[in-house]
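Take a look at the structure set out below.
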Amino acid sequence: MTGLLLAPMIVPAVVMALAFYQFFISLGMVGTVLPIGLAHAVIAVPYAFLTVRASLAGLNPALVRSASSLGAGAFSVMRFVYLPVIRPGLVAGALFAFSVSIDETVIALFLQSPDATTLPVKMFTDIQYNLTPKIAVSSAMLVTVATLGLLVQVCLTIRRRSVARLLPLTAPEQTG
């Protein structure tokens with residue numbers, strides 16, 4: 001299963017673009033936004049999978065068993081045990097997926113139409129045919145958004161670790 005989820009990282013972009021094009025042309029969907037979104041989701045899944053899997057490696061199975069034995073339902077275990085552990089992995093995976101998706105022009109070139117064009121394709125064609133300051137502004141905005149996302153992730157991680165250091169490792173003994 002892991003190999004199947006990680007396959008889009010290994011397959012060359014041109015091969016994937018041709019495969020997506022043939023698949024979506026057989027469905028009559030080329031030229032709409034949906035195939036572009038689905039193709040970008042497929043190429044982004046490995047990055048989200050790897051970061052969430054790395055986050056889950058730090059989960060203590062005793063926490064899940066403890067929560068379940070104390071009467072927590074499946075939703076409560078997911079919300080209060082799994083989600084706090086995988087949240088950093090989800091955020092990092094989303095940032096990686098965004099970075100990979102915003103960088104992918106080959107697949108979008110195959111699946112685009114005048115009505116469905118992504119920002120990277122628009123920038124690529126404008127660089128070739130209509131060089132204006134809009135390209136520099138768009139690039140600066142993308143770098144700024146990526147940097148802000150990284151800073152937010154770092155700040156949240158630092159805050160979470162500093163709060164964890166303040167918590168006692170064991171419950172204080174009660175004398176009576």
Is it true that some residue in the stretch 167-175 is modelled with pLDDT under 80 and of a type in the set (D, E)?
yes
Residue by residue through the stretch 43-60, note down the ones that are surrounded by 12 or more Cβ atoms within 10 Å (Cβ to Cβ) and either modelled with pLDDT under 85 or not in a helix (DSSP H, G or I) (or both).
L59
Could you check, for the stretch 70-88, whether at least one of its residues is of a type in the set (D, E, K, R) and at pLDDT below 85?
no
Quick test for you: out of A92, A108, A67, A72, pick the one residue that is within 12 Å of the chain's Cα centre (by Cα), under 27 Å from V52 (Cβ atoms) and aliphatic (A, V, I, L, M).
A92
Would a scan of the stretch 151-160 turn up a residue that is under 28 Å from A19 (Cβ atoms), in contact (Cβ under 8 Å) with a residue 40 or more places away in the chain and not aliphatic (A, V, I, L, M)?
no
Restricting to the stretch 87-137, give me the number of residues that are among the acidic types (D, E), in a helix (DSSP H, G or I) and over 19 Å from M9 (Cβ atoms).
1
Taking the stretch 12-42, which residues are farther than 13 Å from S101 by Cβ, crowded, with 19+ Cβ neighbours inside 10 Å and not aliphatic (A, V, I, L, M)?
F20, F24, P35
Give the residue, chosen from I107, I36, that is touching a Leu at 6+ places or on another chain (Cβ under 6 Å) and either in contact (Cβ under 8 Å) with a residue 60 or more places away in the chain or within 20 Å of A146 (Cβ to Cβ) (or both).
I36
All positions within the stretch 61-81 that are surrounded by fewer than 17 Cβ atoms within 10 Å (Cβ to Cβ) and closer than 27 Å to L150 by Cα:
M78, R79, F80
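The values are calculated or read from the model by the stated rules, or taken from the named source; none is laboratory data. On a predicted model such as this, the values are computed, not experimentally measured, just so you know. Glycine also receives a Cβ, built like all others from the backbone with ideal geometry; neighbour counts cover every protein chain displayed.
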